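The values are calculated or read from the model by the stated rules, or taken from the named source; none is laboratory data. Just so you know, these numbers come straight off a predicted model, no measurement behind them. When we count neighbours, we look across all protein chains shown, and the Cβ atoms used for this are built from the backbone with ideal geometry, even at glycine.
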Amino acid sequence: MAPDEVALRVAPFILRREKKTVLKDLPPLVETNLTNEMTKAQKTVYLAQLEQMQVKVRGLSSQGLVKNKLAILAGLTRLRQLCDTPALYVAGYHGGSGKLDQLEDLLTEAAENGRRVLIFFPIHGDAGQDPDADEGVETQGLFA
């Protein structure tokens, strides 16, 4: 089937709204930047991973750095993941997460004020489970 024919057949099923028509339906954008501290256990795991990466990188020549770009990127990604929560990446980790602790506080406050919250969070799984699920906070999830 040609691409034009596919487009013609699926067109009735696609809802496309332009930004200018949707904009009036949306509430004003509220963007808040928050900072938080890692828990002591989380920081210990992070620093151990950082030291391990530094040892690897120090031992590489400039040509070795070029050849190991992907490994270096993977290491940097792992450090970012550890900032979210080590529980998803380190087996047996139970030291908490500063980011998830702060998220829990924000969700509790929002629930107490009758607010609804949409969260885009880069993780899912056990560490992403709603800590207030037993306290009557309604949750919905969408996982790929």
Quickly run through the range 12-55 and pick out the residues that are at pLDDT 85 or above and hydrophobic (A, V, I, L, M, F, W, C).
Leu34, Met38, Ala41, Val45, Leu47, Ala48, Leu50, Met53, Val55
Of those in the range 53-98 that are surrounded by 12 or more Cβ atoms within 10 Å (Cβ to Cβ) and among the polar types (S, T, N, Q), the residue nearest to Leu34 (Cα to Cα) is Ser97
Odd one out for Leu100 among (1) over 22 Å from Glu31 (Cα atoms); (2) modelled with pLDDT of 80 or more
(1)
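Each row is one residue, and each column tells you yes or no for (1) surrounded by 10 or more Cβ atoms within 10 Å (Cβ to Cβ); (2) under 29 Å from the mean Cα position of the chain (by Cα).
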| residue | (1), (2) |
| --- | --- |
| Met1 | no, no |
| Ala7 | yes, no |
| Pro27 | no, yes |
| Glu37 | yes, yes |
| Lys40 | yes, yes |
| Tyr46 | yes, yes |
